[in-house]
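> Take a look at the following structure, please.
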């Protein structure tokens, strides 16, 4: 048996580096965070070979004084906190005093810095454990950190590095995360001498667009909600702009990028009603709260956080996002800055919106029936006696300006979905508004309207409980039993609010005594287990609501008008008005879009008008 | 091999046995029925592997035949033939020709030997009960509606038949309400209980008639045999432990009233129109000599029915799933029913006047 002894400092640093510096991207993240903590407004990153060969970050921040340079490369040395109180209320990105030391332990590092109290810049270099003397250097502002040959002395770790491109991809992602969080800072990313991303300091929304692409910002809405010391702001994409992968998902807590189960669960639930189940929402969200209420000191990489009151954070995020997603078509002002643009030009993101070339290729298919098509379109218009619908002469005038007067209701306000003109193949309703043509999937739209009505009716009332004649007892683990006991001791028993009555029969047995009436035919044990698991993990359970909504969804589907039901113009207009007044009416219950807009510009393009 | 038979003689037994034949089956022979003819007798057998019905008809057929034919097709053919048509059936290799007048049908058959006939379980028969067809049918109808349907507690998807001394108890429950009925038997037996599957119960109700003729029920291990008239029904039983119903049936409920069954049934049906279509909740508000039935739905519409009753108990406001109430009122046959309550959170007991053998327990709903 070898004897127990203290490890050499170098080895300790290398071990610590394993946690902090998992790959070049994590080193980059740490250094960028240091730059931001130093108050920089311009940060540029230059990488060679995906950051493995060289990584150079220069900023214009506060800099490091000469006598602190050596300390900066030493473990547990930091300027960011100095006492436990600071740790509990940490507002800077870093605080552990480990990052630079860890990086230095496994690479050839050089730090050059200019501090305002010095006459000129100073440089210090390290290679593994060995620090050089501090020497004068020519630098007028900020700090340059240069890291070469990452993992040169830890061959085991070096073997785990992926290809240059992969590592660069990770670095770019790390860079993107940082860049999104600080729109007020100018960022530059270079790789192998070529500029990859150049981001000028700007507004948050502009930065999001630059980093995440124009299609994201066109399809996303801005939200900003605060309540009880919590603030959630950022942009979230509409459900129709959903992804197959969880790539465009950025959550920041007090400016720090995190991957938190609680937050993602809340977001997922907010989208649940409008998103197809195997699609993932896209969003950039910033949660701001008193630093004292969140513990970031969970893991060295700091992507995990603990909330002191997880339940209320979960509830707040869910409600803020849910509310924003629910806003009906009629009132976009609070959220979407430009409704016309975001709905109309969303071509690349919405797979259901045909792009211009697709329209072209479709022309062949329609070629043998255009006459009939137009006849229905205009025939309906000319014989329409309803004063609310458009008259035939405006319809034949394709000039959008001339049409500007149509689609106004008596109060002078515009109906966003315009007025119905016809129904095609018993499936789609065509309507025209000031922007052009609106195509509505009538079944999907009506289904959503019915669904929301059913939901609203039930949400308003208490959950009726059906006590069981034969209580169902089941074998439970200690966690489940503890959850039940905890809930029973609370004044507002979460279980009872959900329509459950669960009793503890023995330390390992629970009995379901009552279940919500709506779910009386469901498997009581499975239901109770789901609810308990949710209550334990997230403090709130939507298991009941989810199941109930499934039932309501089916009811709504049966109650909604089916395809091939011929609707009259007043019926179609009523449907459009209902859609405008209904929350989440942009998607059907399954997340499919219910309508889309073809603008006059697009129509003109199709016919090569005005060219 | 060919036989002759009158269409009307064949039609009735044919439709009786066809009821249990499943339309869609992975085993083709299960959509067939077994047809066996011997000079003066014809026997039809159908099975779904859980239960089997065979029916024999005494009639001169003038030949012998043993084969299996699609139940549905044969039934459809017989049904659409003119009345009293004389049907000739003749097998030719794997086919059978059904002929009458100028109509001819050639149907595929499968060998009779392959037909999965259920036989009486070997070993000693434990119990043989005899009971009139009419009374058995009545017992089943009184409790059948309370059975569970496709519940994961599989033992609730059927009826409990319990023989105890000289009593036969039949119980059905779906976990929310329970229906119990009992009758006296001619002789005394050892205690025994079986759970009869839902499908068997429903078929039995269809097959039993209103006569006083006796049904012989043989209860063997894992199997129950019913013999009445020309019909032999063999059914597997559900292997499970039925919940202890005696603990569920309350006693000593103080607040009770008697009411005309049809009157309260009609009131309930009217009130249910405006009950929430998903909850089906209805409030029963009891005050001295008055019962109000109140229902509201999600559109804030409200129905109120008031009944004059003889009630001297304490005032009570209690909610129920109206479907559970309508079910019991529809399925008992007495003129008056008795409702008994303890308080708004305890179960309600419904009994019929002058008959201690029937009890229905339903849990209230907290609206």
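> Report, to two decimal places, the Cα Rg of region A:204-325 normalised by 2.2 N^0.38 Å (N = number of residues). It would help to have the intermediate numbers written out before the result.
Numbers: Rg = 13.8 Å, N = 122, 2.2 N^0.38 = 13.7 Å.
Taking N as the residue count of region A:204-325, the ratio is 1.01.
> How high is the relative contact order of chain A? Use alpha-carbon pairs under 8 Å, at least six apart in sequence, and give a whole percent. If you can, show how the numbers build up before the last one.
On the way: 1113 pairs, mean separation 69.9, N = 611.
Value for chain A: 11 percent.
> State, as an integer percentage, the relative contact order of region A:9-199 based on alpha-carbon contacts under 8 Å between residues 6 or more apart. Could the numbers behind the result be given before it?
Details: 403 pairs, mean separation 56.9, N = 191.
It comes to 30 percent, rounded to a whole number.
> When you count, for each residue, the other Cβ atoms within 10 Å and take the mean per peptide, how do A:416-422, A:224-230, A:313-319 rank with the highest first? Mind dumping the intermediate values first?
Values: A:416-422: 24.3, A:224-230: 13.3, A:313-319: 20.7.
The peptides rank, most packed first, as A:416-422, A:313-319, A:224-230.
> Quick one: helix B:322-331 against the long Cα principal axis of chain B, what's the angle to the nearest 10°, folded into 0 to 90?
60 degrees
> For the protein assembly as shown, what is the calculated [θ] at 222 nm in deg cm²/dmol (nearest 500), taking -39500 (n - 2.57) for each run of four or more DSSP H residues and dividing by its residue count?
Numbers: 28 runs with 296 residues, N = 978.
-9000 deg cm²/dmol, from helical runs alone.
> Say R0 is 41 Å: what FRET efficiency, to the nearest 0.05, do residue A:521 and residue A:606 get from their beta-carbon distance? If you can, show how the numbers build up before the last one.
Working: r = 52 Å, r/R0 = 1.26.
After rounding, the FRET efficiency stands at 0.20.
> Take residue A:141 and residue B:92, extend 7 Å from each Cα along the Cα→Cβ direction, and tell me the distance between the two endpoints in nm.
About 10.5 nm separates the two model spin labels.
> Provide the packing ranking of B:234-242, A:178-186, i.e. peptides ordered by the mean count of other C-beta atoms within 10 Å per residue, highest first. Intermediate values should be presented prior to the final figure.
Details: B:234-242: 17.9, A:178-186: 20.6.
Going from most to least packed, we get A:178-186, B:234-242.
> Turning to a different aspect of this structure: Against the longest alpha carbon principal axis of chain A, how many degrees, from 0 to 90 and to the nearest 10, is the axis of helix A:164-181 turned?
Relative to chain A, helix A:164-181 is tipped by roughly 70 degrees.
> Take chain B, connect every pair of alpha-carbon atoms lying under 10 Å apart with a spring to form a Gaussian network, then pick out the residue of B:18, B:31, B:188 with the largest mean-square fluctuation.
Among B:18, B:31, B:188, the largest mean-square fluctuation in the Gaussian network model of chain B belongs to B:188.
> With a ≥ b ≥ c the root eigenvalues of the C-alpha gyration tensor of region A:9-199, is it rounded (a/c under 1.5), prolate (a/b larger than b/c) or oblate?
Judged from the Cα gyration tensor, region A:9-199 comes out rounded (a/c under 1.5).
> Could I ask something else about it? If I take every Cα pair under 8 Å that is 6 or more residues apart in chain B, average their sequence separation and divide by the length, what percent do I get for the relative contact order?
Working: 844 pairs, mean separation 46.7, N = 367.
Contact order relative to length: 13 percent.
> Another question about this same structure. Shape of region A:1-97 from its Cα gyration tensor (a ≥ b ≥ c, root eigenvalues): rounded if a/c is under 1.5, otherwise prolate when a/b > b/c, or oblate?
Here region A:1-97 falls in the oblate category.
> Continuing with this model, one more query. Between region B:162-193 and region A:201-279, what is the separation of their alpha carbon centroids in Å?
Cα centroid to Cα centroid, the span is 63 Å.
> Based on the alpha carbon coordinates of chain A, what radius of gyration and maximum Cα-Cα distance (Dmax) apply, in Å?
So, for chain A, Rg and Dmax equal 29.9, 99 Å respectively.
> Using a 10 angstrom cutoff on alpha carbons, build the Gaussian network for chain B and name the most mobile of B:19, B:62, B:101.
Highest fluctuation of the listed residues: B:101.
> Count, for each residue of B:153-159, the Cβ atoms from other chains sitting within 10 Å of its Cβ, then give me the mean as a whole number.
Numbers: counts 5, 0, 0, 1, 0, 0, 0.
The mean count of partner-chain Cβ atoms within 10 Å per residue comes to 1.
> Using R₀ = 51 Å, calculate the FRET efficiency as 1/(1 + (r/R₀)^6) where r is the Cβ-Cβ separation of residue A:198 and residue A:550; round to 0.05. Write down the numbers at each step before the final one.
Values: r = 48 Å, r/R0 = 0.94.
Efficiency, rounded to the nearest 0.05: 0.60.
> Let me ask another. What is the distance, in nm, between label points placed 7 Å from the Cα along the Cα-to-Cβ direction at residue A:4 and at residue A:309?
Placing both labels 7 Å along Cα→Cβ, they lie 4.3 nm apart.
> Then there is this: When Cβ neighbours within 10 Å are restricted to other protein chains, what is their mean count per residue of peptide A:510-522?
3
> Whole angstrom only: what separates the Cα centroid of region B:295-367 from the Cα centroid of region A:539-592?
Spelled out, the Cα-based centre of one part sits 36 Å from the other.
> Further question: How would you classify region A:462-524 from its alpha-carbon gyration tensor, with a ≥ b ≥ c the square roots of the eigenvalues: rounded for a/c under 1.5, else prolate if a/b is greater than b/c, otherwise oblate?
Working: a/c = 2.31, a/b = 1.23, b/c = 1.88.
In terms of gyration-tensor shape, oblate.
> Helix B:71-80: angle to the longest alpha-carbon principal axis of chain B, degrees 0 to 90, nearest 10?
The angle comes out at about 90 degrees.
> Let me ask something else about it. Summarise the partner chain shielding of B:241-247 as one whole number: the mean count of Cβ atoms from other chains within 10 Å of each residue's Cβ.
1
Every number in this text was worked out from the coordinates using simple rules, so none of it is lab data. What you are looking at is a predicted structure, and each value in this text was computed from that prediction instead of being measured. Cβ coordinates were reconstructed from backbone atoms using ideal geometry, including for glycine residues, and neighbour counts include every protein chain displayed.
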